[in-house]
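K.L.:
Okay, here's the structure, questions in a sec.
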Amino acid sequence: MTDHIAVIRFPGSLDHEAAGRVLREAGATTIVVSHHDHQLPQGTTGVVLPGGFSYGDHLRCGAIASRTPIMDAVRSFAEAGGPVLGICNGFQILCEAGLLPGALLSNDTQSFICKQVGLEVVDADTRWTGDAAAGSEISIPIKHHDGAWQGDPSQGRVIFRYVGENPNGAHDAIAGIANMDGNVMGLMPHPEMACEALLGSADGALVMGGVLAQGVAA
Amino acid sequence: MSKVTITVMPRVETLDPQGQAVAGALSHLGFDTVGDVRIGKHIVLEITGDDPAAQAHAMCDKLLVNKLIEDYTVSIDD
């Protein structure tokens, strides 16, 4: 069965093309869906909320995007068990929408950070880590100003933690967290930017594959 | 028409890196009497219709405030 992935584009989204390309190369069809649509395309099997700076990060990162019409459809899709992945700004939007616990505050460095980081796979029992074992390490880049996750980790499932230095002051060095059911996951690092060895790492394919039926975007 | 002022502040237990950075800068400038600094938002709205306070609280619930990380107050200046 072919995967049909809806990539939601808000005003100010940046990484929808990169996310779509990775998923198409893995055999999925992708469609960019507008924030003001009220429904996901018929036959949608997975949803990606991409990185960027929706609505200029005004008010709070992700706050305005999380109240747009398409998010009601994303909420229904998630509640029915469909896989939803939020990357960077997409993570912020899922938290603001209440689909994931916590909130993302500005980095404790008060600066934009762009670098490759190591992530520990904390919980290997969801769809978001492929065949990686708990405790193993993957390498994915971050690029954000507001990535310090704060909240109660017991309200979700911690999937990834930063290894070594905590780059942004996130509580418990949490880089990615899923809902209790495990079908909705958000992370600050950018797996779609690390799916080819030529780019320095292909580890992101494990994460991107979470929205696909077969599990790995490679 | 009522003028409504909403003040949104990071919750006491929430990190405020902006406040910390400003506290550090003030200290470097010689203002060594400054302790904690917290930075929030000041939102001024003009609202028509009945019960502007109730309307403002509804707006805070729905969009303006994330209660996980922020507290707020509403004041009406008629």
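K.L.:
Taking only DSSP H segments of four or more residues, each worth -39500 (n - 2.57), what value at 222 nm results for chain B once the sum is divided by all its residues, to the nearest 500 deg cm²/dmol? Show your work: numbers first, answer last.
P.N.:
Values: 2 runs with 20 residues, N = 78.
Calculated at 222 nm, the ellipticity per residue is -7500 deg cm²/dmol.
K.L.:
While we're here: Write out the trypsin sites (Lys or Arg not before Pro) in chain B meeting two conditions: DSSP loop, and at most 13 other Cβ atoms within 10 Å of their Cβ. Please list the in-between numbers first.
P.N.:
Details: sites: B:Lys3, B:Arg11, B:Arg38, B:Lys41, B:Lys62, B:Lys67; in loops: B:Arg11, B:Arg38, B:Lys67.
In loop regions of chain B (DSSP not H, G, I, E or B), the sparsely surrounded trypsin sites (Lys or Arg not before Pro) are B:Lys67.
K.L.:
Excluding A:Asp125 itself, what net charge comes from residues whose Cβ is under 14 Å from its Cβ, given Lys and Arg +1 and Asp and Glu -1? Write out the running numbers ahead of the final one.
P.N.:
Working: positive: A:Arg127, A:Arg157; negative: A:Asp123, A:Asp131, A:Asp181.
Residues near A:Asp125 contribute -1 overall.
K.L.:
Using only Cα atoms, find the angle between the long axis of helix B:17-28 and the longest principal axis of chain B, and express it within 0 to 90 degrees, rounded to the nearest 10.
P.N.:
40 degrees
K.L.:
Less than 13 Å Cβ to Cβ from A:Cys195, Lys/Arg counted +1 and Asp/Glu -1: what total charge do the surrounding residues give? List each step's numbers first, then the result.
P.N.:
Numbers: positive: A:Arg21, A:Arg24; negative: A:Asp15, A:Glu25, A:Glu192, A:Glu196, A:Asp203.
Net local charge, A:Cys195 excluded: -3.
K.L.:
For a quick size check, give me the Cα extents of the protein assembly as shown along its three principal axes, largest first, whole Å.
P.N.:
That gives 62, 48, 31 Å along the principal axes, largest extent first.
K.L.:
Once you keep just the Cα pairs under 8 angstrom separated by 6 or more residues, what percentage relative contact order results for chain A?
P.N.:
Details: 563 pairs, mean separation 44.9, N = 218.
For chain A, the relative contact order is 21 percent.
K.L.:
I want the antiparallel fraction of DSSP beta bridges within the range A:1-97, as a percent rounded to 5. It would help to have the intermediate numbers written out before the result.
P.N.:
Details: 1 of 13 bridges.
About 10 percent, rounded to the nearest 5.
K.L.:
Follow-up question, since we're still on this one. 222 nm [θ] for chain A, helices only, -39500 (n - 2.57) per DSSP H run of 4+, per residue, to 500?
P.N.:
Values: 4 runs with 33 residues, N = 218.
About -4000 deg cm²/dmol.
K.L.:
Also, I was wondering about something else. If you place +1 on the Cβ of every Lys and Arg, -1 on the Cβ of every Asp and Glu, and leave all else neutral, what size is the dipole of the protein assembly as shown about its Cα centre, to the nearest 20 Debye? List each step's numbers first, then the result.
P.N.:
On the way: 17 positive and 35 negative charges, 90 e Å.
That gives a dipole near 440 debye.
K.L.:
Ok, one more. Which cross-chain or sequence-distant (5 or more) residues have an amide H under 5 Å from the amide H of A:Ile64, H modelled 1.01 Å from N in plane?
P.N.:
For A:Ile64, whose amide H was placed from the backbone, there are no distant partners under 5 Å.
K.L.:
Separation between the B:Asp50 and A:Ala134 pseudo-spin-labels, each 7 Å from Cα along Cα→Cβ, expressed in nm?
P.N.:
Once both label points are built, they end up 5.7 nm from each other.
K.L.:
Amide H to amide H under 5 Å from A:Arg161: which residues, 5+ apart in sequence or cross-chain, H placed 1.01 Å off N in plane?
P.N.:
Amide H to amide H, under 5 Å and 5 or more residues apart or across chains, A:Arg161 pairs with A:Glu120, A:Val122, A:Ala175.
K.L.:
Under 10 Å, Cα contacts only: if you run a Gaussian network model on chain B, which one of B:Thr33, B:Thr14, B:Thr48 comes out with the highest mean-square fluctuation?
P.N.:
Highest fluctuation of the listed residues: B:Thr33.
K.L.:
Once Lys and Arg get +1 and Asp and Glu get -1 on their Cβ, which of A:Thr126, A:Ala18, B:Gln55 lies farthest toward the positive end of the dipole of the protein assembly as shown?
P.N.:
A:Ala18
K.L.:
Would you kindly derive the ³J(HN,Hα) couplings of the range A:99-108 from the backbone phi angles with the Karplus curve 6.51 cos²θ - 1.76 cosθ + 1.60 (θ = phi - 60°), listing them in order in whole Hz, with x for Gly and Pro?
P.N.:
7, 10, x, x, 8, 10, 9, 5, 4, 5
K.L.:
Does the range A:1-157 classify as rounded, prolate or oblate by the C-alpha gyration tensor (a ≥ b ≥ c root eigenvalues; a/c under 1.5 gives rounded; else a/b over b/c gives prolate, otherwise oblate)?
P.N.:
Numbers: a/c = 1.44, a/b = 1.11, b/c = 1.29.
Rounded, because the longest to shortest axis ratio a/c is under 1.5.
K.L.:
In whole Å, largest first, what are the principal axis extents of the Cα atoms in the range B:1-54?
P.N.:
If we take the Cα atoms of the range B:1-54, the spans are 48, 23, 15 Å.
K.L.:
I'd like the antiparallel share, as a percent to the nearest 5, of DSSP beta bridges with both residues in the protein assembly as shown.
P.N.:
Working: 38 of 54 bridges.
Approximately 70 percent, going by the DSSP bridge assignments.
Where a number appears in this text, it was derived from the coordinates with a stated rule and is not lab data. Here the structure is a predicted model, which is why all the values come from computation and not from measurement. Here Cβ is always computed from backbone atoms with ideal geometry, including for glycine, and neighbour counts include all displayed protein chains.
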